[in-house]
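A quick write-up on the structure given underneath.
The values are calculated or read from the model by the stated rules, or taken from the named source; none is laboratory data. Owing to the predicted nature of the structure, the values given are computational and were not obtained by experimental measurement. Cβ atoms come from the backbone with ideal geometry, glycine included; neighbour counts cover every protein chain shown.
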Amino acid sequence: MTVPAIDTVFLDAGGVLCHPSWTRVADALVRHGATVTAAALAAAEQKATRDIDDAQTIGRTDDRARGWLYFNLVLQHAGVDQNAGTDAALAELREYHRQDNLWEHIEADVAPTLAALRVTSAEGQGTRFRVWFPLGLSIHSTSAASEVTRGQSTSS
């Protein structure tokens, strides 16, 4: 039996490989009068994601709308009342995200796990691949060696 070759593996970056910087989010919220910790926001993330992963929500929103709905749901599940202060904090974070990308937290096991991936062509020749995230993490791999870099790029 011939096993079909895998040409591409798609990985969901946001919420899987990387997460918002909950420290940055908590700091912005506290500056605008909320009482919340990064740990409380991180703990609320899964509940918010579950709320969004609903067929009706997905059917009536686009990615942009879901992004900020997600933050409102995180606040709700973290016990933070939405008000003018939280709206101002989210506006500040939206601007930060527009310029720099708020999804800047990568769990410690992500880079080594991705670096461990090996890609080999049907002929046994090493095949080079690259995974890019907006936050500058790239993985360059051949069947012989892997390199993971963050905050820099290297050419193919």
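Got a sec? Which helices (runs of 4 or more DSSP H) wholly within region 1-96 have at least 1 residues that are among the aromatic types (F, W, Y)?
Here the list reads 22-31, 63-77.
What single numbered condition from (1) of a type in the set (S, T, Y); (2) closer than 17 Å to T37 by Cα; (3) under 16 Å from the mean Cα position of the chain (by Cα) fails to hold for Y96?
(2)
Within region 27-46, which residues are crowded, with 18+ Cβ neighbours inside 10 Å and of a type in the set (S, T, N, Q)?
Within region 27-46, none qualify.
Any residue in region 69-86 that's at positive phi: show its pairings with residues that are surrounded by 19 or more Cβ atoms within 10 Å (Cβ to Cβ) at Cβ separation under 9 Å, as long as the two are six or more apart or on different chains.
G79/V36; G79/A44
Only residues in region 9-38 that are over 21 Å from D53 (Cβ atoms) count as the first member; pair them with residues that are charged (D, E, K, R) and crowded, with 18+ Cβ neighbours inside 10 Å, Cβ under 6 angstrom, at least 6 apart or cross-chain, and list the lot.
That search, which allows pairs on different chains as well, returns S21/E104.
Identify all residues within region 5-26 that are surrounded by fewer than 16 Cβ atoms within 10 Å (Cβ to Cβ) and under 24 Å from G85 (Cα atoms); write none if there are none.
If the condition is that a residue be surrounded by fewer than 16 Cβ atoms within 10 Å (Cβ to Cβ) and under 24 Å from G85 (Cα atoms), then T23 is the only one that fits.
For the list (1) modelled with pLDDT of 90 or more; (2) farther than 23 Å from E104 by Cβ, I need the number of the one condition that A26 fails.
(2)
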